[in-house]
1. Kindly indicate whether any position in the range 211-221 is of a type outside the set (D, E, K, R), modelled with pLDDT under 95 and under 30 Å from Thr383 (Cβ atoms).
2. Kindly provide the set of residues from the range 105-142 that are of a type in the set (Val, Ile, Thr), within 24 Å of Lys186 (Cβ to Cβ) and not in a loop (DSSP other than H, G, I, E, B), ordered by number.
3. Please find, among Gly386, Gly390, the residue that is farther than 28 Å from Asn319 by Cα and either at pLDDT below 90 or surrounded by fewer than 20 Cβ atoms within 10 Å (Cβ to Cβ) (or both).
4. Take the residues in the range 252-290 that are surrounded by 16 or more Cβ atoms within 10 Å (Cβ to Cβ) and of a type in the set (A, V, I, L, M); name whichever of them is nearest to Lys52 (Cα to Cα).
5. Being at pLDDT below 80 and buried (at least 16 other Cβ atoms within 10 Å of the Cβ) is the requirement here; does Arg455 meet it?
6. Would you check which residues across the range 537-565 are part of a strand (DSSP E or B) and farther than 13 Å from Tyr514 by Cβ and list them?
7. Within the range 474-484, track down each residue that is open to solvent by 50 Å² or more (accessible area, probe 1.4 Å) and within 13 Å of Met498 (Cα to Cα).
8. Looking at the range 169-270, what helices (runs of 4 or more DSSP H) fall wholly within it and have at least 2 residues that are out of contact with any Asp or Glu (no Cβ under 8 Å at 6 or more places or on another chain) and without any contact (Cβ under 8 Å) to a residue 40 or more places away in the chain?
Amino acid sequence: MAVWKKLPMGIESFEEIRKDGFYYVDKTGLIKMLLENWGKANLFTRPRRFGKSLNMSMLQSFFEIGCEKELFDGLAISEETELCEEYMGKFPVISISLKGIEAETYEEARDMLASVIREEARRLQFLLESTKLTEVDREFFSLLLKEDMSDQSLRGSLRELSLLLRRHFDQRVIILIDEYDVPLAKANERGYYDRMALLIRNLFEAALKTNDNLYFAVLTGCLRVAKESIFTGLNNFNVFSITDLDFDEYFGFTDEEVKEILAYYGLEENYGIVKDWYDGYRFGNSQVYCPWDVICYCSRNRRNKSLPPQNYWLNTSGNDVLKRFVESMENMSERKMLTRTEMEQLVSGEEVQKEIRQELTYPELYSSSDNIWSALFMTGYLTWRGEPDGKRYRLVIPNREIRNIFTEQILALFKEKASKDGKLLNAFCNALAAGRPEEVERLFTSYMEKTVSVRDTFVRKPTKENFYHGMLLGILGFKDGWTVTSNREAGDGFSDIMIRIDDADEGIILEVKYAETDMEAECEKEIRQIDEKGYGKEWERDGIHTILKYGIACSRKRCRVLLEKG
């Protein structure tokens with residue numbers, strides 16, 4: 001059995017990855033470009049799970065005084081000998097991450113922020129023994145170690161730490177702030193945005209604006225929050241968003257990097273699957289994959305190449321933006337119908353042209369449908385193709401994984417709406433149980449008219465069938481007294497949907513297929529499949545002799561339903 005390097009599942013420490021023999025995709029070229037594209041403060045905006053935190057850890061490992069230079073042996077930056085000689089291990093570094101600041105109230109969030117600062121101060125406790133600091137300096141530093149840090153100490157904490165570090169080392173300081181906007185996002189969700197924005201603005205202004213002790217700062221986040229909201233008065237502020245050419249290949253895996261990692265783990269033949277599912281993002285002029293997805297796929301499939309791909313990104317990123325977008329279709333006004341049409345274009349692999357605003361405050365995200373499009377773009381649910389027309393971009397869903405997330409949200413909303421319409425739900429289920437295929441057809445068509453359709457284009461037939469399958473399960477799951485199973489093993493194969501009616505000598509089997517033409521012939525074929533595969537044999541052994549066998553063929557917002565009683 002092959003002995004592979006470990007895969008860094010959820011590991012964001014550069015030092016740990018390099019010391020403990022994990023597989024590492026070399027992104028150290030970012031260091032050289034950062035120094036060449038000089039800016040006093042630099043903000044990188046990328047979606048979640050694209051390597052921002054690991055890159056920040058890499059920067060700390062490279063620049064910080066006392067760094068272990070052997071961590072970079074064999075990596076691209078080690079070939080830049082003059083640059084390494086001048087910059088490697090030459091700077092004091094302050095490094096904090098705000099990604100964990102998630103609280104129900106402002107007071108709790110403020111205390112969590114203070115705890116982050118306190119943890120970094122503890123890391124720098126050697127300053128208490130510094131002979132280059134005055135007694136007043138050490139007293140102020142002690143305030144940052146207190147459990148009850150005052151608001152004044154918190155606001156000035158990063159600036160004060162940079163002052164003390166410079167005095168101790170006689171060298172200006174690098175400040176790294178990872179996921180700076182997470183506290184703002186959570187504050188917006190929970191109703192204390194203005195207070196949190198003011199605290200973050202005061203903290204950043206003190207540290208980044210006219211701070212003579214600062215060499216440079218790097219921040220990362222998901223959104224570029226409007227300058228007037230957080231970064232007021234900051235000059236020489238470089239922002240590198242997903243549309244900028246600079247640094248475009250340093251967040252996410254390029255196609256060549258993915259081919260290398262697949263080859264290393266013996267998964268070359270699965271390249272097409274990985275590309276189809278996890279590629280498609282465009283940062284600047286680079287096409288990139290989501291690193292988290294690729295690593296998870298390799299970890300799961302390296303010992304069993306035939307395992308199907310999964311949605312990994314869904315479980316690591318909040319879907320509030322997408323949920324709000326899908327819910328905007330609830331209103332049946334002309335404007336909302338346009339949004340539904342555009343949604344259908346997206347899930348069918350087509351483009352939608354929209355104006356994108358890359359500077360928003362969090363309260364603005366949901367203030368208009370136009371802003372929601374911008375939020376979807378910046379958070380990685382959409383990417384772009386071709387060249388923009390000013391601020392208008394041709395938006396697409398990047399890959400199959402994200403498309404699945406879209407359809408899951410659409411089906412979740414459909415299920416929620418179906419549960420509220422008890423009259424229609426009962427009518428549909430009663431028609432199924434009574435063996436009235438014409439009524440089933442009419443009512444299911446009524447359901448389909450109320451949600452997004454899956455059109456033809458590049459979407460595969462099984463994917464379309466899964467969508468209609470999901471709609472039926474969304475309806476049937478609310479019927480009391482019905483036991484509904486999906487894709488369960490039955491007879492010689494797997495039935496789509498089987499329904500056992502409690503306290504009744506009756507069962508229902510549904511086969512659902514997508515058919516662009518000759519839908520009736522497809523229904524007949526499905527019913528033959530039920531008989532040939534013996535899906536109802538188990539029920540017959542249990543004494544259920546009335547089995548309703550439905551063949552259902554769907555296409556966009558049309559369906560055909562045939563019935564055979566057995």
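1. Taking the range 211-221 first, the residues of a type outside the set (D, E, K, R) are 211, 213-221.
Imposing the further condition that a residue be modelled with pLDDT under 95 reduces the set to 211, 221.
Narrowing the set further to residues that are under 30 Å from Thr383 (Cβ atoms) leaves 221.
So far as the range 211-221 goes, yes, one or more of its residues are of a type outside the set (D, E, K, R), modelled with pLDDT under 95 and under 30 Å from Thr383 (Cβ atoms).
2. Keep residues of the range 105-142 that are of a type in the set (Val, Ile, Thr), which gives 105, 116-117, 131, 134, 136.
Restricting the remaining residues to those that are within 24 Å of Lys186 (Cβ to Cβ) gives 105, 116-117.
The answer is Val116, Ile117.
3. Details: Gly386 fails: farther than 28 Å from Asn319 by Cα.
Within the list Gly386, Gly390, the selection yields Gly390.
4. Per the stated criteria, the residue is Val288.
5. Details: at pLDDT below 80: yes; buried (at least 16 other Cβ atoms within 10 Å of the Cβ): yes.
When the stated conditions are applied, Arg455 passes them.
6. Going residue by residue through the range 537-565, those that are part of a strand (DSSP E or B) are 546-555, 558-565.
Listed by number, the residues that qualify are Thr546, Ile547, Leu548, Lys549, Tyr550, Val561, Leu562, Leu563, Glu564, Lys565.
7. Quick first cut of the range 474-484, residues open to solvent by 50 Å² or more (accessible area, probe 1.4 Å) only: 477-478, 480, 483.
Correct list: Gly477, Thr483.
8. Details: elements: 182-190, 193-208, 255-264.
In the range 169-270, 193-208, 255-264 are the helices (runs of 4 or more DSSP H) which contain 2 or more residues that are out of contact with any Asp or Glu (no Cβ under 8 Å at 6 or more places or on another chain) and without any contact (Cβ under 8 Å) to a residue 40 or more places away in the chain.
The values are calculated or read from the model by the stated rules, or taken from the named source; none is laboratory data. Please read all numbers here as calculations on a predicted model, not as lab measurements. Every residue, glycine as well, gets a Cβ built from its backbone with ideal geometry; the counts of neighbours run over all protein chains shown. Only protein heavy atoms, including side chains, enter the accessible area calculation; ligands, DNA and RNA are left aside. Shrake-Rupley method; radii C 1.70, N 1.55, O 1.52, S 1.80 Å.
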